[in-house]
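The structure appears below as structure tokens.
The values are calculated or read from the model by the stated rules, or taken from the named source; none is laboratory data. Keep in mind that what you see is a predicted model, and the values were worked out from it rather than measured. Neighbour counts run over all protein chains shown; Cβ positions are idealised from the backbone, glycine included. In case anyone asks, the SASA skips ligands and DNA or RNA and just uses the protein heavy atoms, side chains included. Shrake-Rupley method; radii C 1.70, N 1.55, O 1.52, S 1.80 Å.
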Amino acid sequence: GKSVELTLVTLAVPGQDFVTGGGYLILSESAGTYDGTAGSKMNFGFNMKWNPSGKNLQGKINIIFRRLETDGWHTYQIKSNKVNSLAIDENDPDYRKAIMSTKANLRDITDPLNPISLGGNMTLLMDAWESTTDNTGALDHVAVTLIGSGNDGLLFSSYWDGSNTSAQIIDGGKIQVRADGPPALAAPPGCRPGSIRS
């Protein structure tokens, strides 16, 4: 079989409040039930924005990672299906940070024609940092955590430091965090992001 390299491409409409990004990490300290194999790639693509009335969040997150298992390499996909919340933190002068929370599904897509569902109603947390000092993407960071429903616990962490998912500089790609949406919905500094009904 021929190896197919999946690349995620994300487009954003300029001039609105949005966060968007795409690229990849090389995993080194992944953790969880479906931890990615060290040295393999985790591809990511995401976009999130307020709808024109400023009342609802729209968008999606797509993560693809790989694991070496007893029967060979497996490819997994985490796909968001409902946006819970988006907060933008501009307290660090060197970064604009987006804090995203969604519901998500996990699938084994090793055979793209016969994907295997590994469950839904999971919580996907993604934090993304855009460098304000380097616009090439070389200093942008991401952190991805997938938590199962019920007692399933941690299913995937992009970089586990022993108690939390830590941010990792991306190895390719770019992140954009734009906070010029409805000011009434921006979280004040130090405020924990609340959830948004959609």
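Which of the residues that make up region 156-169 are open to solvent by 10 Å² or more (accessible area, probe 1.4 Å) and touching a strand residue (DSSP E or B) at 6+ places or on another chain (Cβ under 7 Å)?
Tyr159, Trp160, Thr165, Ser166, Ala167, Gln168, Ile169
Give me the pairs: first residue in region 49-61 and under 20 Å from Val142 (Cβ atoms), second residue assigned to a loop (DSSP other than H, G, I, E, B) and open to solvent by 30 Å² or more (accessible area, probe 1.4 Å), beta-carbon distance under 7 Å, and six or more apart or on different chains, which are they?
Lys49/Gln16; Leu57/Ile196; Leu57/Ser198
Quick one: in region 33-58, of everything that is surrounded by fewer than 19 Cβ atoms within 10 Å (Cβ to Cβ) and of a type in the set (S, T, N, Q), which residue is modelled with the lowest pLDDT?
Residue satisfying both the conditions and the ranking: Ser53.
Of all residues in region 102-115, count the ones that are part of a strand (DSSP E or B) and closer than 15 Å to Arg67 by Cα.
Final tally of qualifying residues: 3.
Any residue that is open to solvent by 30 Å² or more (accessible area, probe 1.4 Å) and farther than 27 Å from Thr33 by Cα - is there at least one of those in region 64-77?
no
Here's a check for you: in region 129-139, which residue that is among the polar types (S, T, N, Q), in a loop (DSSP other than H, G, I, E, B) and in contact with a Lys or Arg (Cβ under 9 Å, 6 or more places away or on another chain) is least open to solvent (accessible area, probe 1.4 Å)?
Only one residue fits best here, namely Thr132.
Filter region 96-111 for residues that are touching a residue at least 40 places away in the same chain (Cβ under 8 Å) and either farther than 21 Å from Ile170 by Cβ or in contact with a Leu (Cβ under 8 Å, 6 or more places away or on another chain) (or both); which is most open to solvent (accessible area, probe 1.4 Å)?
Applying the filter and picking the extreme gives Ile99.
All but one of (1) at pLDDT 95 or above; (2) open to solvent by 80 Å² or more (accessible area, probe 1.4 Å) hold for Ser30, so report the exception by its number.
Evaluating Ser30 over (1) at pLDDT 95 or above; (2) open to solvent by 80 Å² or more (accessible area, probe 1.4 Å) leaves (2) as the failure.
Can you confirm whether Gly119 is open to solvent by less than 60 Å² (accessible area, probe 1.4 Å) and at pLDDT below 95?
Yes: the conditions hold for Gly119.
Given (1) buried (at least 22 other Cβ atoms within 10 Å of the Cβ); (2) touching a Cys at 6+ places or on another chain (Cβ under 9 Å), where does Met126 come up short, assuming only one miss?
Evaluating Met126 over (1) buried (at least 22 other Cβ atoms within 10 Å of the Cβ); (2) touching a Cys at 6+ places or on another chain (Cβ under 9 Å) leaves (2) as the failure.
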